[in-house]
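Notes follow once the structure below has been shown.
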Amino acid sequence: MTEMENSLQAAIDAGKINGAVICATDAQGHFVYNKALGERTLLSGEKRPQKIDDILYLASATKLVATIAALQCVEDGLLTLDGDLSSIIPELSTKQVLTGFSEDGNTQSKDLSVEELFCYPLAFHPGTSWMYGSGLDWAGRIVERVTGETLISFIQRRIFNPLGIKDGQFYPVTREDLQERLVDLNPDDPTCLGRAVLGGGGDMNARTRGDFGGHGLFLPGSDYIKILHSLLASDGKLLTSGTVDEMFEHQLSPEATVGYQDALSGPAGIFFRVGTEPGAKVGYGLGGVLTLEDVDGWYGERTLTWGGGLTLAWFIDRKNDLCGVGAVQSALPVDVELVSELKQIFRHDIYRKKAAWEQQSSR
């Protein structure tokens, strides 16, 4: 076993994590690595081996799927990347910029739509800075308005069907065939809020109504890799090659880039860097962090990467022809430091696995 498998198994043996799902491939599908380790626990307490097609809570890994959906609407002529949205979603155009705080606010606590949950004012004028927030939740709602479909209906038709994906659903998962395979539906998380993925929380799912493009999707790792592969290969199944190229370009204005760099150097910067080193040259593409320089033996320039909650990581490296998703199935309470270390081991060791495979293949 390699460092990744040894480290994951040691964490399983120590009771720190329950298992892991790792999927990676190159554009041609010649190098393929699919691995499931550990066990999942049913509501009854029965344990079953972790499988590669078990249903994972994606948390913020949902954002890439919503990004693709929005870009498909751009290609369809329903949206533009920088056009006026006031006729489509006037709630956004009437928002004011926050200048202070009051005691008033939305005190509702459940069954909230995107518009109701994210009703707060803007932190800054659009395009003038960067912060982690509800942008992709709003983008998903915009897709719904311009297409007249629910987000899951559009995603199923335009993203899942072309890739042969049949096992995706937004919270709450109601399909019985999927419920039987839900990793998070267990005695520690009986309503499948994704508590371990979110570090012990999950209240956001309990409070929402409808499809949230920023956090709400459940999908097997074996299907999520199909989405990453389609973008890596630029196979035309989801987006044109020109749109895929645009995803891997830095998208922030000079003014917003300053705000982005401030966020990276702030208290939450370790999460916003998603595995890249402090001080590394990074930008922001359409879908996640974008590396702006090569790292020896690892991410190539213009690798696109993000994650989901505390436990999931994904990347697409077109320069080195590799994409992957690693989902650590943490036990509760979450050992954040260990889980972060395991994700980083995945990010690096999968490159070593591909290099070893290439060396073996060349003999």
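All of the numbers you see were taken from the coordinates with simple rules; none came from a lab. Everything numeric here is computed off the predicted structure, so don't read it as measured data. Note that each Cβ is placed from the backbone with ideal geometry, even for glycine, and that neighbours are counted across all protein chains shown.
About its Cα centre, the stretch 94-223 has a charge dipole of approximately 400 debye under the convention of +1 per Lys or Arg Cβ and -1 per Asp or Glu Cβ, with nothing else charged.
Here the spin labels are modelled as points 7 Å beyond Cα on the Cα-Cβ line, and at His30 and Glu180 they lie 3.9 nm apart. Consider a paramagnetic label point 7 Å from the Cα of Ser87 along Cα→Cβ; state which residues of the stretch 128-148 have an amide N under 18 Å from it. Flagged as within label range: 142-148.
Using the Karplus relation 6.51 cos²θ - 1.76 cosθ + 1.60 with θ = phi - 60°, the per-residue 3J(HN,Hα) values for the stretch 299-304 come to 4, x, 4, 6, 7, 9 Hz, with x marking Gly and Pro.
Determine the shape class of the stretch 208-363: with a ≥ b ≥ c the square roots of the Cα gyration tensor eigenvalues, call it rounded for a/c under 1.5, and otherwise prolate if a/b is greater than b/c, oblate otherwise. Here the stretch 208-363 falls in the rounded category.
Take each peptide in 122-131, 13-22, count the other Cβ atoms within 10 Å of every residue, and average; sorted highest first, the result is 13-22, 122-131. The chymotrypsin sites (Phe, Trp or Tyr not before Pro) of the stretch 1-105 meeting both criteria, a DSSP state outside H, G, I, E and B (loop) and at most 11 other C-beta atoms within 10 angstrom of the site's C-beta, are Phe101.
Given charges of +1 on the Cβ of Lys and Arg and -1 on the Cβ of Asp and Glu, with all other atoms neutral, how large is the dipole of the chain about its Cα centre, in debye to the nearest 20?
Details: 32 positive and 49 negative charges, 135 e Å.
Computed about the Cα centre, the dipole is about 640 debye.
Taking 0.36 nm per residue of separation and subtracting the current Cα-Cα distance, fully stretching the chain between Glu249 and Asn6 would add 83.9 nm.
Estimated at 0.36 nm per residue, the fully extended path between Thr257 and Ser153 surpasses their Cα-Cα distance by 34.0 nm.
Packing, taken as the mean count of other beta carbons within 10 Å per residue, orders the peptides 40-46, 343-349, 204-210 from highest to lowest as 343-349, 204-210, 40-46.
Given 0.36 nm per residue, what is the gain on full extension from His125 to Ala206 after removing their alpha carbon distance, in nm?
Details: separation 81, 0.36 × 81 = 29.16 nm, distance 3.05 nm.
That pair, His125 and Ala206, stretches by 26.1 nm at full extension.
In this simple spin-label approximation, Glu277 and Arg352 carry label points 7 Å from Cα along the Cα→Cβ vector, and these lie 1.7 nm apart. Each Cα pair under 8 Å and six or more residues apart adds its sequence gap; the mean of these over the residue count of the chain is a relative contact order of 25 percent. Placing R0 at 30 angstrom, the Cβ-Cβ distance between Thr94 and Thr191 gives a FRET efficiency of 0.30 after rounding to 0.05.
For the pair Ile52 and Ser241, a Förster radius of 22 Å applied to the C-beta separation gives a FRET efficiency near 0.15, rounded to the nearest 0.05. Normalising the average separation of contacting C-alpha pairs (under 8 angstrom, six or more residues apart) by the number of residues puts the relative contact order of the stretch 168-248 at 27 percent.
Apply the a/c threshold of 1.5 to the C-alpha gyration tensor of the stretch 160-287 and tell me whether it is rounded, prolate or oblate.
On the way: a/c = 2.43, a/b = 1.30, b/c = 1.86.
Note, shape of the stretch 160-287 comes out oblate.
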